[in-house]
Amino acid sequence: MKQDHRPELLAPAGNLAKLKTAVDFGADAVYLGGPRLNLRAFADNFSLEEMAEGIAYAHGRGRRVYLTLNVFPHEADLIGLAEYLKEMQGVGVDALIVSDPGIILAAREVIPQMELHLSTQANTVNSAAARFWHQQGIARIVLARELSLEEIRALHQEIPDTLSLEAFIHGAMCMAYSGRCLMSHVMTGRDANRGACAQPCRYHYTVVEEKRPNQSMDLLQDDRGSYIMSAKDLCMIDHLPDLLAAGISSLKIEGRMKSEFYVASVVKAYREALDLAMIDPLGYKVQSAWRNLLENVSHRTYHTGFYYGRTQEMIHAEGQYLRGFDLVAMVLEELGEGRYRLLEKNRLFPKTPVEILRSEGPVQEAVLSDFFDEEGHSIAVANQAAMIFQCKSSVPLKAGDMLVQSAKFRQ
């Protein structure tokens, strides 16, 4: 499909709150998992009632909602599939993200008008495969992560205009081929291909020599050990014009298991960046504010994945996540005279600086003071799980604002 329209920014929605956050912060579409058959068994996922509310919220703001049905189902998983597909059509999803030919066949038979997107799990790496899937009713290909931009550009030139391309631009990367891995199933009994990955690629490994089984040897990349299969996180904010020039119509953010803070920060950064890239692709330059948003959330070292072929640099040697800021409170309402009601998310002391994260405008600093609980008692710290408290702010706040704080104030 030729790039003659506004590209889509597609964000993860692990639950209803994250869906609303993604929409509020600028996503054009969201993808989510329902009660069955998606590859995030440990995400909150959506009940039918939550899905209906989320879809109404998104559609009311002109956004689209895609449902993941991207497991590789065993025979028992097919029981009740037709009824489930009808439920999903009834609740109003805009498209299904699918991997398995059996689910594709069932969808075409049961809900033939439903738009179908082929998951990255199907590892589409060439135009012939893309055309094959298009003939089976697929409207969009979520490309295999193993492709370079040069390969994507060549593939795009060989497919019809009625088939669009989607690719990941940010988030965790899997060391398995298009995410199809058996390590978790073999080692823990949790099947990654049915949504229950235990992420054994992130474990710390040692080597045992065959004749000395009791003498393990560390594989040392650094003083923390070795993480030979643990990939860095993907980040393509520096290269959005290249992605668009390659023919990618939908830019996808990974992270249905990530926090509301993560979703808000990453969507805000890419929304602003993508808007600028569309206006002036030749003069596009990453702003420090966007980079700060991406560095502040929990992440591994960033990398460009397979897009430019530098795959030898993809291992995340540090092992643990990096994080600059934490979400400490959400603003619930303004009470007047500079006072606000907040929902505590992490321990927060008065008179320590916080940053205000909202959908529009730059990040702004504030200092909160005069903490009171709901009974009107003065408190020295907000540190009870999900407590509601009142405070003053040095700058105006709005309901829905996220208040985040640097880790250096949280020691």
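No lab work stands behind these numbers, since they all come straight from the coordinates. Since the structure is predicted, the reported quantities are computational estimates derived from the model, not experimental observations. Here Cβ is always computed from backbone atoms with ideal geometry, including for glycine, and neighbour counts include all displayed protein chains.
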**Study point:** HIS59-ALA139 pseudo-label distance in nm [points 7 Å out on the Cα-to-Cβ vector]
**Key:** 1.4 nm
Practice item. Beyond 13 Å, what share of the Cα-Cα pairs of segment 114-176 is found? Please give it as a whole percent. Key: 59 percent
Review point. Lysines near LYS392 by alpha-carbon distance under 19 Å, same-chain residues fewer than 8 away left out - which ones?
Key: LYS345, LYS351
**Study point:** Cβ-derived FRET efficiency at R0 25 Å, ASP280 paired with ALA154, nearest 0.05
**Key:** 0.40
Exercise for review: Could you check the simple spin-label distance between GLN384 and ARG347, using points 7 Å along Cα→Cβ, in nm with one decimal?
Suggested key: 1.7 nm
Point to revise | Residues in segment 107-139 that a label on GLU83 would reach, taking backbone N under 18 Å of a point 7 Å out along Cα→Cβ | key: 107, 110-111
Exercise for review: Mind checking which aspartates and glutamates have their Cα closer than 14 Å to the Cα of LYS285? Skip sequence neighbours fewer than 8 apart in that chain.
Suggested key: ASP238, ASP242, GLU272, ASP275
Point to revise | Other-chain or far-sequence residues with amide H under 5 Å of TYR31's (modelled H) | key: ALA11, ALA13, TYR66
Check your understanding: How big is the convex hull of the Cα atoms of segment 325-409, per residue, in Å³?
Key -> 84 Å³
Point to revise | Cα-projected label distance for ASP238 with ASN126, points at 7 Å along beta-carbon direction, nm | key: 3.2 nm
